[in-house]
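Below is one structure, written out as structure tokens; comments come after it.
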Amino acid sequence: MIVSAWICLLSPLAAAVLITVLGTRISRKGAGYLTALSVFVSFISALVALFVLVREEPEERSHASTLWTWLSAGEFEVGLRILVDPLSLLMMLIVSGVGALIVAYSIGYMHGSDEERRFFAYMGLFVFSMLLLVQAGDLLILLAGWGLVGLCSYLLIGYDQHRPAAIAAAKKAFIMNAVGDATIALALFVLVQQVETLEYGGVFGRIDEVGGDWAMTLVALGLLGGAVAKSAQVPFHTWLPDAMEGPTPVSALIHAATMVTAGVYMLVRLNPIFEEAAGIQDLAAGIGAVTLLMAGLIALVQTDIKRVIAYSTMSQIGYMFLGAGLTSYGNGMFHLMTHAFFKALLFLAAGIIIHALVMEQDIRRMGGLRHMLPRTFAAVLIGGLALSGIPPLSGFFSKDSVLAAALDAGLYGQILWAAGLVGAFLTALYTFRMIFLVFGGEPSPFVREHLHRPKLDEPSMWMAWTVGALALLAVVGGWIQIAGVWHPLSDFIEPVAESHVEPTLAQDILTSVLAVALGLAGIALAWWLYSARRRAVPRLAQGERVLERKLFWDEAYDLAFYRPATWIAAYAYRFVEQPLIAGSIKGLTAGARLLSGRTTDVQTGLLRTYVLALGSGAALLALVFLAVRG
């Protein structure tokens, strides 16, 4: 099992290194095949580890392995250490399984790109970084994986280096994630000072020795800052919609199935720390509820198909934060898994649409694609129904279980439960608004203009079968766990993260009835407003303007950070750098030039001048000697 875990981790890294070393000696398509094969090897290795792990007793399902000592400072040592337990294994399966499908899809989507080799090297490096994060055996290795994931996100979002929008989005994502990295690092400093170790077992076993509640609160707050930034939750959420400037497979892999779920993984992995700081854990749940509502409202006015899906990602991560924050860890991880299926499906299907329409992403210029891309329409419909929580698709089972757990979590949980139900209505409304605008009605003038054949081309083989596999997972993935009937996934991770809320059957039924009813109401309203027989959508100009500007979050950050920073930089340049630094350099330069000129004048080339200088120097030395002796 340990060998399989190491193969799972290192296989994508080996592919990335090999593509880099071979350079142009490997073909573009060969680079894609190599990366896809490496990630499939990771998935097979994770399956082997799962087969071994489930044959063990639940209390024995934790195995660590150290390759070498990475850092040593006195008695403090950190090794390159991985941990294989139910939680890390679940994430290994999700990252490598969904990642393999997305990388394989990329072979068709990126065909013909000028720098396919670089793209696939980045993809392999990203999968390695994410696997390092989830397999990390201690907090320092987790932080290393955390930072590498942020770096790979920067590289992949800014893959198209000739587009200023892509470069700006990459820098924005990197900076906001770096803020989260810094808060985690500060939390680890406090932990080292308090418990003198960063190994999970050592930290969890010595939490009671931490001096005062303030220390654990600071640690939990720092960790939460990193989780919120990585998972694009309020207030560090503004980078995610802009990250849609990257290629569509990047959006599917990083911003749907893997990277943005890292914050949820951290909340579950470090649950003993957060449970010691209950106020911070409640804050995490509240942040999730606020994010799911805000993202649902903003998605209602988006016109870019990928941005609509991006805001739905923020919203669904909000549900996961809500579940993990209320200690319903099993249900939160269950929704993380199903979300990876149907959200990757939606992104990849959107990529097919964009590919067919010559990279057009504005849903207002689409329409009538149902008969032209029928298989793609079926895939989007499955993903949309799963996202909206309509039975019997996967999102119904996982999202409703999170909401039912909130109903069982006291008054605070019931408030969040109500927010989650409102979010269910908004999710169905904006999802089917997108579907009706893209696929409903007659072909738009733009679509007709780009129709060179009676029917648009369906996707290539690589794009088609991967979307089909994800559609199947979106249909059947939710049946792994049914509330009140069986819950093998929650039982599987219970030794690592034991949930403390157990909704009754009545609460499960009530939640499902209300959530499904609200979801159907959202679909019905979207049909009434945006279907082939479109009504005039009620206009609330001021409200729409606020939502189109994304509640002015970017403007607030601009006012609070960017403008003061540019003012300080301009002031420092004018009054510090120019007069002091540049001025001193100019003075030194002028002095050196004057000295060199005078030295040049002395170098006459005449022997008598040099003899005179030597004689004068000797006389001067003699006078100094006599003066000192006297």
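Does at least one position in the range 339-352 carry a residue that is more than 22 Å from the chain's Cα centre (by Cα), of a type outside the set (Ser, Thr, Tyr) and either surrounded by 24 or more Cβ atoms within 10 Å (Cβ to Cβ) or within 23 Å of residue 497 (Cβ to Cβ) (or both)? Within the range 339-352, one or more residues are more than 22 Å from the chain's Cα centre (by Cα), of a type outside the set (Ser, Thr, Tyr) and either surrounded by 24 or more Cβ atoms within 10 Å (Cβ to Cβ) or within 23 Å of residue 497 (Cβ to Cβ) (or both). Any residue at all in the range 273-280 that's of a type in the set (A, V, I, L, M), open to solvent by 10 Å² or more (accessible area, probe 1.4 Å) and more than 17 Å from the chain's Cα centre (by Cα)? The answer is yes, given that some residue of the range 273-280 is of a type in the set (A, V, I, L, M), open to solvent by 10 Å² or more (accessible area, probe 1.4 Å) and more than 17 Å from the chain's Cα centre (by Cα). Scanning the range 104-152 for residues that are within 20 Å of residue 40 (Cα to Cα) and aromatic (Phe, Trp, Tyr), we see that the one that is surrounded by the most Cβ atoms within 10 Å (Cβ to Cβ) is 105.
From the list 49, 16, the one residue that fits, being assigned to a helix (DSSP H, G or I), open to solvent by less than 40 Å² (accessible area, probe 1.4 Å), in contact with a Leu (Cβ under 7 Å, 6 or more places away or on another chain) and over 26 Å from residue 153 (Cα atoms), is 49. Candidates 277, 252: the one that is within 24 Å of residue 136 (Cα to Cα) and in contact with an Asp or Glu (Cβ under 9 Å, 6 or more places away or on another chain) is 277.
Scan the range 370-400 residue by residue and report those that are under 25 Å from residue 112 (Cα atoms) and assigned to a loop (DSSP other than H, G, I, E, B). Within the range 370-400, 372, 373 qualify. Residues in the range 491-499 include none that are part of a loop (DSSP other than H, G, I, E, B) and either at pLDDT below 90 or under 20 Å from residue 311 (Cβ atoms) (or both).
Taking the range 245-265, which residues are of a type outside the set (Val, Ile, Thr), open to solvent by less than 10 Å² (accessible area, probe 1.4 Å) and farther than 25 Å from residue 188 by Cα?
Passing the criteria: 246, 249, 251, 252, 253, 255, 256, 257.
Examine the range 459-466 for a residue that is at pLDDT 90 or above and among the hydrophobic types (A, V, I, L, M, F, W, C), and state whether such a residue exists.
Among the residues of the range 459-466, at least one is at pLDDT 90 or above and among the hydrophobic types (A, V, I, L, M, F, W, C), which makes the answer yes.
Is it the case that some residue within the range 88-109 is in a loop (DSSP other than H, G, I, E, B) and out of contact with any helix residue (DSSP H, G or I) (no Cβ under 6 Å at 6 or more places or on another chain)? Scanning the range 88-109 turns up no residue that is in a loop (DSSP other than H, G, I, E, B) and out of contact with any helix residue (DSSP H, G or I) (no Cβ under 6 Å at 6 or more places or on another chain).
Select from the range 69-84 the residues that are surrounded by fewer than 17 Cβ atoms within 10 Å (Cβ to Cβ) and either more than 15 Å from residue 132 (Cα to Cα) or of a type in the set (Lys, Arg) (or both) and list them in ascending order. Hits for the range 69-84 are 69, 71, 72, 73, 74, 75, 76, 77. The single condition from (1) in contact (Cβ under 8 Å) with a residue 60 or more places away in the chain; (2) on the phi < 0 side of the Ramachandran plot; (3) open to solvent by 10 Å² or more (accessible area, probe 1.4 Å) that residue 189 fails is (1). Residue 355 satisfies every condition listed in (1) open to solvent by less than 10 Å² (accessible area, probe 1.4 Å); (2) within 27 Å of the chain's Cα centre (by Cα); (3) farther than 19 Å from residue 257 by Cβ except (1).
Listed residues 540, 551, 514; which is of a type in the set (A, V, I, L, M, F, W, C), out of contact with any Phe, Trp or Tyr (no Cβ under 8 Å at 6 or more places or on another chain) and modelled with pLDDT under 80?
On inspection, the qualifying residue turns out to be 540.
The condition (being at pLDDT below 75, farther than 30 Å from residue 239 by Cα and out of contact with any Lys or Arg (no Cβ under 6 Å at 6 or more places or on another chain)) is satisfied by just one residue among 595, 612, 580: 580. Screening the range 548-562 for residues that are in contact with a helix residue (DSSP H, G or I) (Cβ under 8 Å, 6 or more places away or on another chain) and free of Cβ contacts under 8 Å to residues at least 40 places away in the same chain and picking the one that is most open to solvent (accessible area, probe 1.4 Å) gives 549.
Is the range 21-28 home to any residue that is surrounded by fewer than 14 Cβ atoms within 10 Å (Cβ to Cβ), over 16 Å from residue 81 (Cα atoms), without any contact (Cβ under 8 Å) to a residue 12 or more places away in the chain and hydroxyl-bearing (Ser, Thr, Tyr)? Scanning the range 21-28 turns up at least one residue that is surrounded by fewer than 14 Cβ atoms within 10 Å (Cβ to Cβ), over 16 Å from residue 81 (Cα atoms), without any contact (Cβ under 8 Å) to a residue 12 or more places away in the chain and hydroxyl-bearing (Ser, Thr, Tyr). Checked against (1) closer than 24 Å to residue 269 by Cβ; (2) among the basic types (Lys, Arg); (3) touching a residue at least 40 places away in the same chain (Cβ under 8 Å), residue 55 passes all but condition (3). The condition (being open to solvent by 60 Å² or more (accessible area, probe 1.4 Å) and either touching a residue at least 12 places away in the same chain (Cβ under 8 Å) or part of a helix (DSSP H, G or I) (or both)) is satisfied by just one residue among 438, 476, 467: 476. Does residue 242 satisfy the criteria of being farther than 18 Å from residue 135 by Cα and at pLDDT below 90? Against the criterion (farther than 18 Å from residue 135 by Cα and at pLDDT below 90), residue 242 does not qualify.
Number of residues in the range 221-244 that are among the aliphatic types (A, V, I, L, M), closer than 15 Å to residue 282 by Cα and surrounded by 24 or more Cβ atoms within 10 Å (Cβ to Cβ): the value is 4.
What is the number of the single condition among (1) part of a loop (DSSP other than H, G, I, E, B); (2) on the phi < 0 side of the Ramachandran plot that residue 327 does not meet? With respect to (1) part of a loop (DSSP other than H, G, I, E, B); (2) on the phi < 0 side of the Ramachandran plot, residue 327 is out only on (2). Condition first: modelled with pLDDT under 75 and over 32 Å from the mean Cα position of the chain (by Cα). Can you find one or more residues in the range 517-532 that meet it? Scanning the range 517-532, I find at least one residue that is modelled with pLDDT under 75 and over 32 Å from the mean Cα position of the chain (by Cα), so the answer is yes.
The values are calculated or read from the model by the stated rules, or taken from the named source; none is laboratory data. If you're wondering where the values come from, they're calculated on a predicted model, not measured in any experiment. Heads up, the Cβs are rebuilt from the backbone with ideal geometry, glycines too, and the neighbour counts pull from every protein chain shown. Heavy atoms of the whole protein, side chains included, go into the accessibility calculation; ligands, DNA and RNA do not. Shrake-Rupley method; radii C 1.70, N 1.55, O 1.52, S 1.80 Å.
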